[in-house]
Amino acid sequence: MEQQTGTATVKRGLAQMLKGGVIMDVVTPEQAVIAQEAGAVAVMALERIPSDIRAMGGVARMSSLELIQGIMDAVTIPVMAKVRIGHFAEAQVLQSIGVDYIDESEVLTPADDLYHCDKQAYTTPFVCGARDLGEALRRIAEGAAMIRSKGEAGSGNIVEAVRHIRAITDAIAMLTVSPKEELVARARDIGAPLELVAEVARTGKLPVVLFCAGGVSTPADAALMMQLGAEGIFVGSGIFKSNDPKKFARAIVDATTHYTDASVVAAACRSLGTSDAMPGLDIRKLPESELMAGRGN
Amino acid sequence: MSALVGVLALQGDVQEHMTALGRAGARALAVKTRGELDRVDGLVIPGGESTTVMKLLSRFGLDDAIVARVRAGMPLWGTCMGMIVAANDVAGLDQPTLRLIDITVRRNAFGRQNESAEVPLSIPVLGEQPFPAIFIRAPWIERVGPGVEVLATYEGHGVMVRAANVLATSFHPELTGDSRVHRYFLEMLGAVGMDTSAA
């Protein structure tokens with residue numbers, strides 16, 4: 001019997017299995033175990049969480065393989081890791097060590113200011129950030145098997161993630177009521193391939209799973225994003241920059257599962273007691289050069 | 001009225017199963033609470049992460065309720081994560097499960113995501129045509145207890161088993177357009193006396 005690995009179905013399929021779940025940034029094997037114990041569906045292995053990347057400045061690159069391998073060995077849930085936008089050699093390396101998902105991420109310093117990786121060339125699936133439908137469909141055309149909002153990573157501020165998820169879901173809704181003769185112009189306007197635009201117009205959803213990322217720091221943030229149409233949640237700095245990571249991790253998982261039941265979300269909020277969420281930033285006061293969401297195209 | 005089949009909706013590919021059940025002729029209900037569980041004639045535990053879902057089942061008090069319903073005869077089908085959750089134990093890991101079918105499973109048995117694959121699988125009970133089986137970080141079955149029938153094997157290990165009212169598959173029929181496994185499960189609902197014909 002003939003078996004086929006690395007098909008679009010298998011790559012998109014893993015993201016489908018993660019739906020309704022929380023993916024947590026971790027920087028050590030110990031944090032990965034805490035995340036798994038709290039109920040994370042996957043972890044993102046990286047050297048520094050986004051708020052620390054923001055604080056340190058300089059060039060942020062793919063994490064050390066020793067660190068990623070240590071995290072892969074510590075947990076049974078899928079492990080993701082980040083490469084710089086367009087850095088296909090970093091992606092080749094991550095595929096060769098067997099990570100389960102590659103995040104071509106604006107949180108790291110872009111390696112190519114014009115082009116993203118050709119993600120169809122890999123057996124390992126990719127997730128990419130997007131601010132709007134056109135960006136999401138360009139990434140899918142390149143082979144992304146999962147999309148997440150960009151938000152503004154490491155800010156502790158949900159406003160950009162809300163903007164991006166609303167932009168994507170509003171544009172999808174508009175396409176579903178657009179007559180066929182408008183689709184070519186819509187594809188041109190948003191800079192996306194016509195076939196994908198036509199598919200979204202027909203199905204009313206992205207052809208891959210859509211998660212929220214960038215700024216989630218409380219259980220209520222997670223419930224908000226799920227109600228706005230995200231199919232799951234990435235939490236970066238929000239857990240291990242809070243002052244009680246175990247409690248925050250579990251509370252965000254519970255709120256993501258029962259996002260339409262305010263009494264469960266309230267219980268998740270109450271479980272935090274007086275613990276503080278991570279400190280937040282006013283994105284309007286950040287200089288343009290420090291914004292991550294604008295990276296990529 | 002057709003049978004009402006629940007899909008455990010704590011996490012995983014819930015909508016894919018609901019759509020596939022509808023295509024196979026059943027009504028489907030997402031199950032997150034005990035009240036919803038009480039209403040269904042059968043339950044599907046979908047694909048997802050088994051460590052996550054076991055924790056959520058216990059936090060929200062659904063584990064005992066599901067075990068009681070299945071022991072009382074309610075048909076259950078677990079796909080991938082659902083197979084792990086239903087199994088008696090997990091090889092090499094101290095992972096709690098619902099212990100509803102006497103099998104030992106090995107998680108991520110074929111490897112990590114790079115080894116996930118689409119396979120034309122021979123399943124004699126579904127007819128001659130191979131089934132388009134999709135394995136994603138899939139488990140296989142290492143030990144089968146008495147009374148458990150192996151319905152399909154791949155690479156020398158069981159990947160589809162049934163014991164009385166419990167069905168388990170390592171792969172994901174809900175990701176294909178092929179309804180045969182969903183219809184097989186719906187026939188199990190009929191076989192245990194569920195009323196699938198009355199108005």
Specify the inter-centroid distance of the range B:1-47 and the range A:283-297, based on alpha-carbon positions, in whole Å.
-> 43
Nitroxide proxy distance, nm - points 7 Å out along Cα→Cβ at B:Ala164 and A:Asp52 | 5.2
Which of A:Ser242, A:Ser149, A:Ser96 moves the most in a Gaussian network model of chain A with Cα springs under 10 Å?
-> A:Ser96
Taking only protein heavy atoms and a 1.4 Å probe, what accessible area per residue, in Å², does chain A have with all protein chains in place?
-> 39
Short version: ³J(HN,Hα) in whole Hz for each residue of the range B:93-105, in order, from phi by Karplus 6.51 cos²θ - 1.76 cosθ + 1.60 (θ = phi - 60°), x for Gly and Pro, what are they?
-> 10, 8, 10, x, 9, 7, 6, 10, 9, 7, 9, 10, 10
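With a Förster radius of 51 Å, plug the Cβ-Cβ distance of A:Ser178 and A:Ala89 into 1/(1 + (r/R0)^6) and report the FRET value to the nearest 0.05.
It comes out at approximately 0.80.
Hull surface divided by four, with the convex hull built on the Cα atoms of chain A: how many nm²?
Mean projected area of the Cα convex hull: 15.9 nm².
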Could you tell me, in Å, what Rg and Dmax come out for the Cα atoms of the protein assembly as shown?
-> 22.0, 70
Amide H contacts under 5 Å for B:Leu43, placed H, 5+ residues apart | B:Gly6, B:Leu76, B:Trp77
Per the C-alpha gyration tensor (a ≥ b ≥ c, the square roots of its eigenvalues), the range A:29-142 is rounded if a/c is under 1.5, else prolate if a/b beats b/c, else oblate; here it's prolate
In Å, descending, principal axis extents of the Cα set of the range A:149-253 | 54, 20, 17
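When DSSP beta bridges are limited to those with both residues in the range B:4-189, what percentage is antiparallel, rounded to the nearest 5?
Of the beta bridges lying entirely in the range B:4-189, close to 50 percent run antiparallel.
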Within the under-10-Å Cβ sphere about B:Thr79, not counting B:Thr79, Lys/Arg +1 and Asp/Glu -1 give a net charge of -3
Would you pull out the residues with amide H under 5 Å of A:Val83's amide H, same chain only if 5 or more places away, H placed 1.01 Å from N?
-> A:Asp103, A:Glu104, A:Ser105
With springs only between Cα atoms under 10 Å, which of A:Glu152, A:Glu160, A:Glu30 fluctuates most in a Gaussian network model of chain A?
-> A:Glu30
Relative contact order of chain A: what whole-number percent is it, with Cα pairs under 8 angstrom and at least 6 residues apart?
-> 19
Compute the relative contact order of the range B:4-189 as a whole-number percentage, counting only Cα pairs closer than 8 Å that sit 6 or more residues apart in sequence.
-> 19
XL table A:Lys241/A:Lys285; A:Lys11/A:Lys119; A:Lys82/B:Lys55; A:Lys205/B:Lys32; Cα-Cα > 18 Å flagged, in table order, is A:Lys241/A:Lys285; A:Lys82/B:Lys55; A:Lys205/B:Lys32
Which helices count as membrane-span-like in chain B under these terms: full DSSP H, at least 20 Å along the axis by C-alpha, Kyte-Doolittle mean of 0.0 or more?
-> none
Indicate, rounded to the nearest 5 percent, the antiparallel portion of the DSSP beta bridges found entirely in the protein assembly as shown.
-> 30
Run the numbers on the range B:163-177: which residues show a drop of 30 Å² or more in accessible area, chain on its own versus all protein chains together, using a 1.4 Å probe over heavy atoms?
-> B:Leu175
Applying the Karplus parametrisation 6.51 cos²θ - 1.76 cosθ + 1.60 with θ = phi - 60° to the phi angles of the range A:206-211, what ³J(HN,Hα) value in whole Hz is obtained for each residue in order, glycine and proline being reported as x?
-> 5, x, 10, 5, 10, 9
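How many partner chain Cβ atoms sit within 10 Å of a residue's Cβ in peptide B:50-63, on average, as a whole number?
4
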Under a 10 Å cutoff between Cα atoms, tell me which one of B:Phe185, B:Phe60, B:Phe131 has the largest fluctuation in the Gaussian network model of chain B.
-> B:Phe60
Given H placed on each backbone N at 1.01 Å, which residues far from A:Met292 in sequence or on other chains put an amide H within less than 5 Å of it?
-> A:Ala153
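Count the net charge of all other residues whose Cβ sits under 12 Å from the Cβ of A:Ala32, scoring Lys and Arg as +1 and Asp and Glu as -1.
Net local charge, A:Ala32 excluded: -4.
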Given 0.36 nm per residue, what is the gain on full extension from B:Gln129 to B:Glu149 after removing their alpha carbon distance, in nm?
-> 5.2 nm
In Å², what does the accessible area per residue of chain B work out to with a 1.4 Å probe?
-> 36
Could you please state how large a percent of the accessible area of the range B:4-189 is carbon and sulfur, counting protein chains only and using a 1.4 Å probe?
-> 48
List every DSSP H helix in chain A whose Cα atoms extend 20 Å or more along the helix's own long axis and whose mean Kyte-Doolittle hydropathy is at least -1.0.
-> A:159-176
On full extension of the chain, what length is gained from A:Leu114 through A:Thr260, given 0.36 nm per residue of separation minus the C-alpha to C-alpha distance?
-> 48.5 nm
Counting other Cβ atoms within 10 Å, which GluC sites (Glu not before Pro) in the range A:173-204 have at most 12 and lie in a DSSP loop?
-> none
Chain B: projected area of the alpha-carbon convex hull, averaged over directions, in nm² = 10.3
Area buried, chain B against chain A - accessible surface, total, 1.4 angstrom probe, square angstrom | 3200
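The values are calculated or read from the model by the stated rules, or taken from the named source; none is laboratory data. This structure is a prediction, so every number in the text was calculated from the model and none was measured. So basically every Cβ, Gly included, is an ideal-geometry build from the backbone, and we count neighbours across all protein chains shown. Just so you know, the surface numbers come from the protein's heavy atoms only, side chains and all, with ligands and any DNA or RNA stripped out. Shrake-Rupley method; radii C 1.70, N 1.55, O 1.52, S 1.80 Å.
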